[in-house]
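Here's the structure we're looking at; comments come further down.
The values are calculated or read from the model by the stated rules, or taken from the named source; none is laboratory data. All of these numbers come straight from a predicted model, not from anything done at the bench. Glycine gets a Cβ as well: all are built from the backbone with ideal geometry, and neighbour counts include every protein chain shown. The protein model used for the area step is the full one, side chains on, heavy atoms only, and it has no ligands, DNA or RNA in it. Shrake-Rupley method; radii C 1.70, N 1.55, O 1.52, S 1.80 Å.
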Amino acid sequence: MTTASEQNQNPYDICTWRPISECADCSLKIRLKCRFKKEDLLHFMAMFWGFAIPAIIGVIRAGYGWWLLGWFAFAMFFFNVWESCILCSHCPYYAEKGSTLHCIANYGSVKPWKYRPGPMSRAEKAQLWIGFVILTGFPFPFLLLGRQWALAFIALWGLILFFWTLNKYTCSQCVNFSCPLNRVPKEVVDAYLQRNPTMSKAWEASGWQPELPPPHPEVKGK
Ligand code: SF4
Ligand code: SF4
């Protein structure tokens, strides 16, 4: 039973933010990273720093250290504004009431946008790829100009490992189903949408065709 204060914190009635007792009988808990867990966040951060630390050291050794401020500024803009709009605002984690994000990757980012329960558009997916290329490609010209071959190689290897582990252990279970990296099977997406009428209505309005007809119980508290 959801209390009024819990409902206030979860205005779109997304199951990820309902009391955990409601997950007891849900088989999706072993298929999805649908509740915040510190270990998932730590895993994400450790893999990202495996790329970023050698890149930062290499840029400094190359003599272009001041350019790291540009990288940092772009990362802040990307995580808090751009990616927040095109990717995160569609994510169930973003639906929690409040001004900061509590999720398994961008924990602590601000939330300047309204939650959007429907899927990402094609233009948003294209922008996401452009943003990823700028964010992850930024240090490499400086590493190459400064002849930091070994650190460039280690950073590139860290980047490959980051995306490989992300794809294998996170994208296969992530609840932001319309992200272009997402690999959750359709039947699991349908089952999650069935538990979340706000989302299923928005997804169907965008052309999603569930294999199972959604129950569409009344949407609470919008
Ligand atoms: S899908 Fe929703 S109800 Fe099921 S385990 Fe995940 S958060 Fe809980
Ligand atoms: S889990 Fe991913 S898509 Fe969802 S809010 Fe966090 S960073 Fe954004």
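Worth pointing out:
- The angle separating the long axis of helix 149-165 from the principal Cα axis of greatest extent in the chain is about 10 degrees.
- Radius of gyration and maximum dimension Dmax of the stretch 36-162, Cα, Å: 15.9, 48
- The count of lysine pairs in the chain that are at least 8 places apart or cross chains, and whose C-alpha atoms lie under 14 Å apart, stands at 8.
- Computed about the Cα centre, the dipole magnitude for the chain is approximately 320 debye when only Lys and Arg (+1) and Asp and Glu (-1) carry charge, each at its Cβ.
- Each stretch of four or more DSSP H residues adds -39500 (n - 2.57); spread over every residue of the chain, this sum gives -14000 deg cm²/dmol at 222 nm.
- Solvent-accessible area of the stretch 79-222 (1.4 angstrom probe, protein heavy atoms only): carbon and sulfur portion equals 65 percent.
- Positive-end extreme of charge dipole, the chain - chosen from PHE78, GLY58, PHE48 (charges on Cβ): GLY58
- Förster radius 25 Å - calculated FRET efficiency between LEU156 and GLU187, Cβ distance, rounded to 0.05: 0.10
- Kirkwood estimate for the chain, i.e. one over the average of 1/r between Cα atoms, Å: 18.8 Å
- For the chain, the longest principal axis of the Cα atoms and the long axis of helix 38-61 meet at an angle of about 20 degrees.
- Ranked by the mean number of other Cβ atoms within 10 Å per residue, highest first, peptides 188-199, 129-140, 145-156 order as 188-199, 145-156, 129-140.
- Relative to the longest principal axis of the Cα atoms of the chain, the long axis of helix 67-77 lies at roughly 10 degrees.
- Nonlocal amide H pairs with ASN10, under 5 Å, H built at 1.01 Å: LYS97
- Entry comment: accessible area of the chain is 54 Å² per residue, from protein heavy atoms only and a probe of 1.4 Å.
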